[in-house]
1. Give me a count of the residues in the range B:204-214 that are more than 16 Å from ligand 2 (Cβ to nearest atom) and buried (at least 17 other Cβ atoms within 10 Å of the Cβ).
2. Of the conditions (1) at pLDDT below 95; (2) within 20 Å of residue A:124 (Cα to Cα), residue A:44 fails just one. Which one is it?
3. What is the number of the single condition among (1) more than 14 Å from chain A (Cβ to nearest Cβ); (2) open to solvent by less than 60 Å² (accessible area, probe 1.4 Å); (3) closer than 11 Å to residue B:229 by Cα; (4) within 16 Å of ligand 2 (Cβ to nearest atom) that residue B:18 does not meet?
4. Would you mention how many residues in the range B:39-55 are within 12 Å of ligand 1 (Cβ to nearest atom) and more than 26 Å from residue B:201 (Cα to Cα)?
5. Only one of these conditions is not met by residue B:190: (1) out of contact with any Ser or Thr (no Cβ under 8 Å at 6 or more places or on another chain); (2) open to solvent by 40 Å² or more (accessible area, probe 1.4 Å); (3) within 16 Å of residue B:32 (Cα to Cα). Which number is it?
6. Filter the range B:154-163 for residues that are more than 16 Å from ligand 2 (Cβ to nearest atom) and either in contact with a helix residue (DSSP H, G or I) (Cβ under 7 Å, 6 or more places away or on another chain) or modelled with pLDDT of 95 or more (or both) and give the result.
7. Mind listing whichever residues of the range B:110-120 are outside any helix (DSSP H, G or I), of a type in the set (A, V, I, L, M, F, W, C) and facing chain A (nearest Cβ under 7 Å)?
8. Checking residue B:151 against (1) under 14 Å from the mean Cα position of the chain (by Cα); (2) farther than 28 Å from residue B:217 by Cβ: exactly one of these is not met. Which one?
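The values are calculated or read from the model by the stated rules, or taken from the named source; none is laboratory data. Model, not experiment: these values are computed from the prediction. Cβ coordinates were reconstructed from backbone atoms using ideal geometry, including for glycine residues, and neighbour counts include every protein chain displayed. Accessible surface areas use protein heavy atoms only, side chains included; no ligands, DNA or RNA. Shrake-Rupley method; radii C 1.70, N 1.55, O 1.52, S 1.80 Å.
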Amino acid sequence: MGPRRYIPVLALAALVAAVERAVALGGAGYYLTQLIMAAYYCLVAAGLCLLMGHAGQISLGHAGFFALGGYTSAALTTHNLLAHAAEPWARFLASCGLLAEWQNVYGVKVLSVAPWAAFAAAVALAAAVAFAIGVPIIRLRGHYLAMATLGFGVIIYRIAAGTDALGRSDGIAEVPPFALGAGLAVGGAAALRVFNYYVAWGLVVLGALVIVNLTGSRVGRALASIHGNEAAANALGVDTARCKVQAFVASAVFAAVAGSFLTHYNGSIGPSEASVMKSVRYVAIVAAGGMANLWGVLLTGAALNFLSLRGVFDTYDDAVFGAILIAVMLFAPRGLLGMPQLRALRGFVGRRLHAGRAA
Amino acid sequence: MPGALLETHALSRRFGGLQAVQDASIAVAADSITALIGPNGAGKSTLFNLIAGSLAPDSGRVVFGGRDITGAAPHAVAALGIGRTFQTTRLFAHMTVLENVMVGRHVRSKAGCIAGMLNLPSTWREERRIREHAAATLADLELGGHMHAVAGTLPFGVQRLVEFARALAAEPRLLLLDEPAAGLNLHETAALGRLIERIRSQGITVLVVEHDMSLVMDISERVIVLDQGRVLTAGTPLEVQKNPDVVRIYLGDDHA
Ligand SMILES: Nc1ncnc2c1ncn2[C@@H]1O[C@H](COP(=O)(O)OP(=O)(O)OP(=O)(O)O)[C@@H](O)[C@H]1O
Ligand SMILES: [Mg+2]
């Protein structure tokens, strides 16, 4: 594959710009907010597309990585260190540019970890956690891997919803904007909406570029070969476990980046972002988009999340995504067939339905 | 055996109640073509799997190039220079022929996950070298015309050759071939024999499991006979052909 593989990335970038222009010309700037949020959810789906479509692994815990990123950024950038400002360690950190001083919406002065440092910590933490749980669980297959990642998601949700320092069910609010210099920032200010649209979708385009690069590289080919025939891949020197863990960590990093940025954009994060239903939603988007089909996944993700955020699905939001997942698995479009995990899961759902009908 | 590239020492492997390989000690001289023969179920493929690390032995050792590799994972064994083809062809059916052979370069290249994501200049230069080497390997086996075909769509004989090319692309020191002539016609088998001799002349040691006796007798310097998991005898093709035990297991007691 030569440079031609970058054509869809350019097309995506053009589409992003075209949508922004159309929205501006149509005087529907208020759509941008949902489009920005949808972009970050698309970024999670893109990472999951790499994991499910290319590495053949399922994760029902990706909302956990999203929340890990978001909560780390939120907690570090809102924890007020002003009382410690005079202490040597705080002065040292401040002199390194790791701390930032700002005023929250109530006019209270806050000294906290700078957003970029919190972002770096969030990504590093998500990568470390993904590696730590990835090494033991990646050898699991089918339902077992699904359940293990589900368990991880549930743990993160419980921690988020049950820890005082994380605001329990209220989550963390008053997260400062992520200042990028020149008066620009990732945040909810209406004046920065167009800028934020381009930051969010710019990250999606960047993520797509990274995935296109990876899948066309030595490691991407190794992942594809594992899909084709694991024993033959091993006999050619491909370390199955290593490749799969790398894909798992990469997809977790995608989710954490999205979580961190969206938290700054929204100015808050709550435990619902870590919920199992959110994880199911990401899986549903990837399944509906055609698994390894990144462009299908991104378009599906953009459309479904946009509709969901516009409130089109009303109180049936979660039900809609669950239904999409079931429908896709039952009627198995092309993308699904390649993945043993979902095939196993599909068999499981199918048997359940049969059992239900027989009863 | 002095000068042996590969040695196994009393390898044993049991499947439930079945002793598939028992106390098998073999030696493969460097730069030789050695044949491993024996009736169906003798344990030939199991012995290959024990050498290549896809099965762990219950006891015994595998020594390759003077190094104990017993229990090493298959990918690690491959990295040390042992390549293999399988009894039933195992191509990456959904990938193109070129991509299949490019995977063969895995152990000879090093771009990692992050380098791949960033596609740095060093990464794409390596990628170009991988592609060129794979294309040259295919051209060498006269498979250049199939380069962009999806592997799974090719005729059986061509698939076998592609699997060969894929293993060769790794430039192994030792190549394990499990029944390479199975399913090939007379013409293809003769070409295969010449190919194996050519591979050896390039400095690759070959250990081949084969049922086609004329091919075995033609190309190999040494023949090892396995029966019911045990090494029955080993020697030159002529010695082995004359061995009454070998005649018995191949032709039945009447001929002994
Ligand atoms: N994974 C396994 N589990 C259980 N039994 C096995 C396994 N692999 C091989 N066997 C058994 O071990 C014995 C040796 O099998 P193996 O495949 O090594 O024989 P072979 O010499 O390669 O035979 P063939 O010429 O038919 O390929 C056979 O009886 C086979 O059924
Ligand atoms: Mg066999």
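1. Summing the residues that are more than 16 Å from ligand 2 (Cβ to nearest atom) and buried (at least 17 other Cβ atoms within 10 Å of the Cβ) in the range B:204-214 gives 3.
2. Exception for residue A:44: condition (1).
3. Every listed condition holds for residue B:18 apart from (2).
4. Final tally of qualifying residues: 9.
5. All conditions are met except number (3).
6. Selection gives B:154, B:157, B:158, B:159, B:162.
7. B:111, the sole residue that qualifies.
8. (1)
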